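Novice: Provided herewith is a single structure, encoded as C-alpha cells, for subsequent inquiry.
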Amino acid sequence: MVDVPTPLPPDVPPAEVPEVELYHAKSYWTKYIFAQDAKVIAIQYSCTAIAIGLVALVLSWLMRLQLGFPDLFDFITPEAYYQFVTMHGMIMVVYLLTALFLGGFGNYLIPLMVGARDMVFPYVNMLSFWVYLLAVLVLVASFFVPGGPTGAGWTLYPPQAILSGTPGSAEGDLGIILMLVSLILFIIGFTMGGLNYVVTVLQGRARGMTLMRMPLTVWGIFTATVMALLAFPALLVASVMMLFDRLLGTSFFMPSLVEFGEQLQYGGGSPILFQHLFWFFGHPEVYIVALPAFGIVSDLISVHARKNIFGYRMMVWAIVGIGALSFIVWAHHMYVSGMHPYFGFFFATTTLIIAIPTAIKVYNWVLTLWRGDIHLTIPMLFALGFIVTFVNGGLTGLFLGNVVVDVPLSDTMFVVAHFHMVMGVAPIMVIMGAIYHWYPKMTGRMYNEAMGQFHFWVTFVGAYAIFFPMHYVGLVGVPRRYPELGDPAFVTQSVDGLNAFISLAAFAVGFAQIVFLFNIYWSLRNGRDAGGNPWRATTLEWQTADTPPGHGNFGDELPVVYRWAYDYSVPGAPEDFIAQNDPTPVSQAEPT
Amino acid sequence: MWIGLLLVAVVVGSILFHMFSPWWWTPIASNWGYIDTTLVITFWITGAVFAAVVLFMAYCVFRFRHKEGRVAAYEPENKKLELWLTIITGIGVAAMLAPGLIVWGQFVTVPDEATEVEVVAAQWQWSYRLPGEDGKLGQADNRLISGDNPLGIDPRDPNGADDVVVEADDLHLPIDKPVHVLLRSIDVLHDFYVPEFRAKMDMVPGSITYFWFTPTRTGEFEVLCAELCGVGHGIMRGFVLIDSEEDYQVWLSEQSTYSDLAGDPTESGETKLASQ
C-alpha cells in the first residue's frame, strides 16, 4: 500500500515552446480521403485491416470445411488448401493484427492519450496508410494472377517457397513474387507510421504527462512499435534476398539441389539463414501483437473494475523487459530445423525466462480485479476472455519453448492450437473489447448491448471450443498443414469427429463476427448518445471538448496533466475517478 | 454472474476433457520415454496454474461484481506480494526447464555404439541408405545425383561401394539397437517424423542433420513428412519396420548395394564428375 502524500499541487513544467497553429483540411478529399488527421488515418487503417481480415476469415472457413469434412468439397484441392493456409496466416499476422494494433489503435489513441494535437509528422502518417493500402492491394491481386497466390506457408521457407512443387511458385506463376513485394511495401509503410508513433510518444506529450504517467495502452503500443522498427528490417532483407533468388537466380538461401530429377543452377546458399532472419522478425512479431494487447487490456480492466491497475511500475517494466527479451528467443521456432543442437540450451532458457515477466502481468491483471468494483460491461467481458485464452495459450508455450518437449509436438496441430490461442484469439479478444470500449468516443454513440453480449458469448465459448481440443489433435500426433490425414495407425482413436466439431465451432464464431460488424454499423445511426465520458474514465481521450474529437483533439486548450492514469476509487475523492487533467489535490496519489 | 459460472465451467470442462477424452499420444516405440515424462510434468504444472488463475478470476467476479454502493479498494502496489509471486513463478519455470535441458542433453548426444542410417528425402518420397559391411557410409552430394545414382553417392569414395540403397521403399531396423539417423534432402526442407518414436528433425538440402533413438517395440510404423515441402506434403508417407534381429538380417540380405545398382561405379562416376 502506497499512501505517501505528494507535494500539492503536483508539479507541471511550464510550456517550453508556444503552440503552433494546426493546418486544417479544407475539402472533403483532404479531410476524409488523403487525410492527415491521425484519427481519420486510424479509421482508414482499421477498415482496411478488417476488410482484409474478413478474407482471412473466409479462408479459415474453407480450411475447416476441408479438415472437418474431407472428401466432401472437390474444389478444395491440396493446392488450394495450401494457398488458403498461407494467405490466412500472413493476412492475420501482418495485414490484420499488426496493422490494426499499430496503424489503427496506435494512430487513434497515442495522440489522444498523451495529450497531443496529432502525430508529429501528419503527412508521413498519411503516406504510411496509402503504402499499406497498396501492400494490401498487391496481396489481393495475387488471388487473380495465373497460378494463384503462393501456397508456401506463411513462413515462406526456401527452397520450397520458390520452387515449382509449391502452388504459386511454378514457372511463370506470380504468387510468391507478389507476396514478397507486398511484404516489402508493408514494411516501408509501417516504418513511416512507426517513426511517427515513437516520436509522438517521446516528443509530443502534454505538459505534466511524464513517461510514468502514461496509460499502459500507450506503453504497450510504444514498446511494440520500437520492436517493430527493429524487427521488420530482418524480414525486409529476407524478402529482398528471396526475391533475388527467384527473379535473378542468386543463391542467398538456395543450396545445390535436384528438383524432380533435374539439377538446378543454385548452389552455396543457406535455407536455415532464411529461417533465422524470418524468426528474428517473427518472434518479436508475436510480442508486437501481444504488447499493445497487454497495454490495452490493462486499461480496460482498470476502468471497468474501477480500480487502479495493480503494480503499474512493474507492468511498465514487464512490457519493456518482455520487449527486450523477445529479441533473444527467436530460434525456439527452430529447435527441429537442423540448426546446431547446442542452440537449444540457450534458446530454451531465454524462452522460459520470458515466462516470468509475462506471468507477472497476468497476476497483476487478476489482482486488479480483486477487491474491485467489477462492472461486467462488454469490454470487461472481452478482457476476462482475453486473460483465460492468453493464460491457456501462454502456458502451452511452456511446452513448446522447453526444447525437448517441443520435439514430438513441433509441426503438429498442437502448435497450431497454441499460437492461435495466444496470438490469435487472445489479442483479438482485446481488439473486440477495445472497439467496444472506444466506440462511444469514436462515434459519440453507444453500441447495442444485446448484440454485444451475443457476440462475446459465441466468440469466447466458440473460440475455446475450437482451440482447446485442437491441442489434443496435435498430441495424438496429427501434423499441421495436412489437407487430409487419412487413417494412419498412430491415430489410435479417430480424430474425425473432433475435427468436425471444431469446424462447426469455427463456423459459429465466424458468424458471430458478422453480428459484431452489423452492430458497429447499426449503432452508428441507432445507438444512444454516449456522452463524452460514458465509462467515467481518467485518461485524456475521455476529457476532449467534443465527441468524437475534432481535428486537433482538444479544442482551444491542450490539457495539462496532474496525475497518473489510474486514480480510480481514491479514498476521499468526490467521485470514483479523477481525470488526469484534474488539478484538484487529493490526499493519495500515484506511487512515487 | 454468468461469466463467473462460465469461467468455472472452462476450468472443469478442460480438466474433464483432459482426463476422459480418448485423445492422447500414441504408445511410444522408442527410448524417449523421458520426453513423455517431461511433457507430463509440464502438463501438471501448467494445468495447476491455469486452474488457479481462472478460478481466482471466477471468485473475483462473483465476490466483487458491481453492486450499488460497492467501492473498490485503493492499492497501487504491494511489493511483498509481487516479489513472492515472482519467486514462485521462477521456481515453477525452473522445475520445467531443468528436466527439459537434461533430456535435451541426452537427445543431442549420440551414443558411440549407435549404427548410422541415412534417410534421404525428395519431393515426395523417402529413400534410405545403410552403411554396408564396412560400417561406414560413403560421401554423398546433391551435385552427383543422376538417373543411376539417385542418392548422389560419391563413386570415388570406397566406403560407398557397399552401401545398401533402399529407394522409395520401406526401411527396416533391428530392435533394441541405437540408431544414429542422418538426414539429407535433395530438394526442399522435409522432416522425418514417426509419431511413435517421439523424435523428429528437419532435413535441409546442403547439410546433414541428425537425431538418434533406440527402437523398443517391433512393428510397422508410418513415416510422415512434418515440414511443408510443397503440394505433395500430405501424401509423403512411408513405413519403418522394427524387426527382430533375425528378421532384420533376412531383409538386409535381400537389399541391393550401390555397386550392384551402378554397375561399375568408378567409371560412370568419373565421367559424371568430368562433365560437371
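Just so you know, all these numbers are worked out from the coordinates, no wet-lab data involved. Remember, predicted model here, so these are calculated numbers, not experimental data. No Cβ is skipped: glycine too gets one built from the backbone with ideal geometry, and neighbour counts run over all protein chains shown.
Novice: I need the shape label for segment A:99-142. Rule: rounded when a/c is under 1.5, else prolate if a/b > b/c, else oblate, with a, b, c from the alpha carbon gyration tensor.
Specialist: Oblate, since a/c reaches 1.5 and b/c is not below a/b.
Novice: Turning to a different aspect of this structure: Determine the relative contact order of chain A: mean sequence separation of Cα pairs under 8 Å and six or more apart, normalised by residue count, in whole percent.
Specialist: It comes to 17 percent, rounded to a whole number.
Novice: Is there a quick way to get the dipole size of segment A:465-592? I mean about its Cα centre, with the Cβ of Lys and Arg at +1 and of Asp and Glu at -1; what is the value in debye to the nearest 20?
Specialist: Dipole magnitude for segment A:465-592 comes out near 480 debye.
Novice: Sticking with this one: In whole Å and largest first, what semi-axes does the C-alpha gyration tensor of segment A:492-575 yield when each eigenvalue is scaled by 5 and square-rooted?
Specialist: After scaling each eigenvalue by five and taking roots: 44, 21, 12 Å.
Novice: If you don't mind, another one. Starting from the coordinates of the alpha-carbon atoms of segment A:314-426, obtain the Kirkwood hydrodynamic radius over all distinct pairs and give the value in Å to one decimal.
Specialist: It works out to 15.3 Å.
Novice: Here's something else I'd like to know. For A:Phe327 and A:Phe518, what does the FRET efficiency come to when R0 = 51 Å and r is the distance between their Cβ atoms, rounded to the nearest 0.05?
Specialist: 0.80
Novice: Over all residues in B:196-204, what is the mean tally of Cβ atoms on other chains that come within 10 Å of each residue's Cβ?
Specialist: 6
Novice: What is the log10 of I(q)/I(0) for segment A:241-361, computed with the Debye formula using one identical point scatterer on each Cα and no solvent, at q = 0.13, 0.21, 0.23 Å⁻¹?
Specialist: Per q value, in the given order, log10 I(q)/I(0) is -0.68, -1.12, -1.23.
Novice: If you don't mind, another one. Return the whole-Å distance between the Cα centroid of segment A:16-84 and the Cα centroid of segment A:92-113.
Specialist: Result: 11 Å between the Cα centres.
Novice: Taking the Cα centre of segment A:359-508 as origin, sum charge times position over the Cβ atoms of Lys and Arg (+1) and Asp and Glu (-1), and report the length of that vector in debye to the nearest 20.
Specialist: Value, rounded to 20: 540 debye.
Novice: Name the residues of segment B:86-110 whose amide N is less than 16 Å from a point 7 angstrom out from the Cα of B:Phe56 along the C-beta direction?
Specialist: B:86-93
Novice: Express the Stokes-Einstein translational diffusion coefficient of segment A:346-501 in µm² s⁻¹, to the nearest whole number, given a Kirkwood radius over alpha-carbon pairs, 25 °C and a viscosity of 0.890 mPa s.
Specialist: D, rounded to a whole number, is 140 µm²/s.
Novice: Taking only C-alpha pairs under 8 Å that are 6+ residues apart, what is the relative contact order of chain B in percent?
Specialist: Once normalised by length, the contact order is 19 percent.
Novice: Report the charge-dipole magnitude of chain B in Debye, nearest 20, computed about the Cα centre from +1 at each Lys and Arg Cβ and -1 at each Asp and Glu Cβ.
Specialist: 2620 debye
Novice: Please list, short to long, the whole-number percent of alpha-carbon pairs of segment A:141-285 in consecutive 5 angstrom bins beginning at zero.
Specialist: 2, 9, 16, 18, 15, 11, 8, 6, 5, 4, 3, 1, 0, 0
Novice: Also, I was wondering about something else. For labels at B:Ala168 and B:Asp148 in the simple 7 Å Cα→Cβ model, what's the distance in nm?
Specialist: Each label point lies 7 Å from its Cα, and together they span 1.9 nm.
Novice: May I ask you to work out the translational diffusion coefficient for segment A:73-157 at 37 °C, viscosity 0.692 mPa s, via Stokes-Einstein with Rh from the Kirkwood sum over Cα pairs, reported in whole µm²/s?
Specialist: 219 µm²/s
Novice: Quick one, what does Rg over Rh come out to for segment B:133-211 if you take C-alpha atoms and the Kirkwood Rh?
Specialist: My calculation of the ratio gives 0.96.
Novice: Lys/Arg Cβ at +1, Asp/Glu Cβ at -1, dipole of the protein assembly as shown taken about the Cα centre: which of A:Gly527, B:Tyr128, A:Val570 is farthest positive-ward?
Specialist: So the residue we want is A:Val570.
Novice: Moving on to the next point. Rg to Rh ratio, segment A:475-540, alpha-carbon atoms and Kirkwood radius?
Specialist: Rg/Rh for segment A:475-540 comes to 1.34.
Novice: At 222 nm, what value in deg cm²/dmol follows for the protein assembly as shown if DSSP H runs of at least 4 each add -39500 (n - 2.57) and the sum is divided by all its residues, to the nearest 500?
Specialist: -17000 deg cm²/dmol
Novice: Among the aspartates and glutamates, which have Cα under 20 Å from the Cα of B:Lys79 when same-chain residues fewer than 8 positions away are ignored?
Specialist: A:Asp3, A:Asp567, A:Glu590
Novice: In addition: Calculate, for B:Asp141 and A:Asp487, the FRET efficiency according to 1/(1 + (r/R0)^6) with r their C-beta to C-beta distance and R0 35 Å; round to the nearest 0.05.
Specialist: 0.35
Novice: Measuring from the lowest to the highest alpha carbon on each principal axis, how far does chain B reach, largest first, in angstroms?
Specialist: Sorted largest first, the three principal extents are 95, 42, 35 Å.
Novice: Net charge within 14 Å of A:Pro149 by Cβ-Cβ distance, Lys/Arg positive one each and Asp/Glu negative one each, not counting A:Pro149 itself?
Specialist: Local charge sum for A:Pro149: -2.
Novice: Given segment A:44-189, report the % of alpha carbon pairs whose separation exceeds 28 Å.
Specialist: 26 percent
Novice: Still on this structure: Give me the one-decimal nm value for the distance between modelled label points at B:Glu68 and A:Asp74, 7 Å along each residue's Cα-to-Cβ direction.
Specialist: Rounded to a tenth, the inter-label distance reads 6.7 nm.
Novice: Taking each residue in A:409-421, count the Cβ atoms of any other chain within 10 Å of its Cβ, then average. What number comes out?
Specialist: The per-residue average across the peptide is 2.
Novice: Amide H to amide H, which residues 5 or more places from B:His172 or on other chains are under 5 Å from it, using H placed in the peptide plane?
Specialist: Answer set, sorted by chain and number: B:Leu241.
Novice: Once the convex hull of the alpha carbons of the protein assembly as shown is built, what does its volume come to per residue, in cubic angstrom?
Specialist: Looking at the protein assembly as shown, the number lands at 155 Å³ per residue.
Novice: What order, most packed first, do the peptides A:513-524, A:111-122 have when packing is the mean number of other Cβ atoms within 10 Å of each residue?
Specialist: So the order, starting with the most tightly packed, is A:111-122, A:513-524.
Novice: Can you tell which of B:Trp23, B:Trp44, B:Trp104 shows the greatest fluctuation in a Gaussian network model of chain B with Cα springs below 10 Å?
Specialist: Greatest mean-square fluctuation among the candidates belongs to B:Trp23.
Novice: Using the Karplus curve 6.51 cos²θ - 1.76 cosθ + 1.60 with θ = phi - 60°, what ³J(HN,Hα) values do you get for each residue of segment A:297-306, in whole Hz, with x for Gly and Pro?
Specialist: 5, 4, 5, 4, 5, 4, 4, 8, 9, 6
Novice: Under 17 Å from a point 7 Å along the Cα-to-Cβ line of A:Glu19: which residues of segment A:538-580 have their amide N that close?
Specialist: Within reach of a label on A:Glu19, which here means backbone N under 17 Å from a point 7 Å along Cα→Cβ, segment A:538-580 contributes A:540-547, A:549-562, A:580.
Novice: Over the alpha carbons of segment A:242-303, what is the largest minus smallest coordinate on each principal axis, giving the biggest first in Å?
Specialist: Result, largest extent first: 64, 20, 17 Å.
Novice: What is the Cα radius of gyration of segment B:4-146 over 2.2 N^0.38 Å, N being its residue count?
Specialist: Ratio of Rg to 2.2 N^0.38 Å for segment B:4-146: 1.79.
Novice: Across segment A:492-504, in residue order, what do the Karplus-derived ³J(HN,Hα) couplings come to in whole Hz, using 6.51 cos²θ - 1.76 cosθ + 1.60 with θ = phi - 60° and x for Gly and Pro?
Specialist: Taking θ as phi minus 60°, the curve returns 6, 10, 3, 9, 4, x, 5, 4, 5, 4, 4, 5, 4 Hz for segment A:492-504.
Novice: Now for a separate question. Which ³J(HN,Hα) values, rounded to whole Hz and listed in residue order, are derived for segment A:143-150 from phi using the Karplus coefficients 6.51, -1.76 and 1.60 in 6.51 cos²θ - 1.76 cosθ + 1.60 with θ = phi - 60°, glycine and proline given as x?
Specialist: 6, 10, 9, x, x, x, x, 5
Novice: Next up: Roughly how crowded by other chains is peptide A:391-401, in terms of the mean Cβ count from those chains within 10 Å of each of its Cβ atoms?
Specialist: 5
Novice: Rounded, prolate or oblate: which fits segment B:117-276 when a ≥ b ≥ c are the square roots of the eigenvalues of the alpha-carbon gyration tensor, with rounded for a/c under 1.5 and prolate only if a/b beats b/c?
Specialist: Oblate shape, in that a/c is at least 1.5 and b/c is the bigger or equal ratio.
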